[in-house]
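Student: Below is one structure. I have some questions about it.
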């Protein structure tokens with residue numbers, strides 16, 4: 001699946017099921033995909049880890065209108081707890097910057 005955040009385009013996998021959300025980007029190569037889109041059934045706080053990832057991640061958290069609420073960095077082998085409730089979020093390999101208010105658009109392939 002292709003997504004646009006602001007003017008930047010990424011190829012991501014859809015993590016809409018419990019199984020795909022539990023796996024996330026674990027054991028995924030940044031050479032094959034840019035990241036993952038997680039859609040939650042209702043807004044909630046999330047806790048993430050990068051215990052088996054060897055690459056840094058940029059986290060982009062979104063409201064129910066798919067607007068960027070903020071971003072965070074997740075270095076390898078660490079934990080991250082997101083305090084605001086979010087409706088969805090994106091994990092992207094590498095360092096990326098986005099503006100609060102940028103809109104995520106999904107481009108189905």
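Student: I'd like to know how the chain sits against the 2.2 N^0.38 Å rule of thumb: what's its Cα Rg over that expected value?
Tutor: Normalised Rg, Cα atoms only: 0.96.
Student: Just need log10 I(q)/I(0) for region 1-64 at q = 0.21, 0.25 Å⁻¹, Debye formula, equal scatterers on the alpha-carbon atoms, no solvent, rounded to two decimals.
Tutor: With no solvent term, the Cα-only Debye profile gives -1.00, -1.40.
Student: At 1.567 mPa s and 4 °C, plugging the Kirkwood radius over alpha-carbon pairs of region 55-97 into Stokes-Einstein gives what diffusion coefficient in µm²/s?
Tutor: Using the Kirkwood radius from Cα pairs, D works out to 121 µm²/s.
Student: Please list, by residue number, everything in region 88-109 whose backbone N is under 12 Å from a paramagnetic label point 7 Å out along Cα→Cβ of residue 4.
Tutor: Output list for this probe position: 103-108.
Student: Out of the DSSP beta bridges found with both residues in the chain, what percent are antiparallel (nearest 5)?
Tutor: 90 percent
Student: Here is a further query. Counting each DSSP H run of 4 or more residues in the chain as -39500 (n - 2.57), what helix-only mean residue ellipticity at 222 nm follows after dividing by all residues, to the nearest 500 deg cm²/dmol?
Tutor: -1000 deg cm²/dmol
Student: Continuing with this model, one more query. At 10 °C and a viscosity of 1.306 mPa s, what translational diffusion coefficient does Stokes-Einstein give for region 32-79, taking Rh as the Kirkwood radius over Cα pairs? Give it in µm²/s as a whole number.
Tutor: Approximately 131 µm²/s, per Stokes-Einstein.
Student: Work out, step by step, the length gained on full extension between residue 99 and residue 79: first 0.36 nm times the residue separation, then minus their alpha carbon distance; give nm to one decimal.
Tutor: Answer, rounded to one decimal: 4.8 nm.
Values quoted throughout were computed directly from the atomic coordinates according to the rules given, and no laboratory measurement underlies them. What you are looking at is a predicted structure, and each value in this text was computed from that prediction instead of being measured. Here the Cβ is made from the backbone with ideal geometry for all residues, glycine too, and neighbour counts use every protein chain on show.
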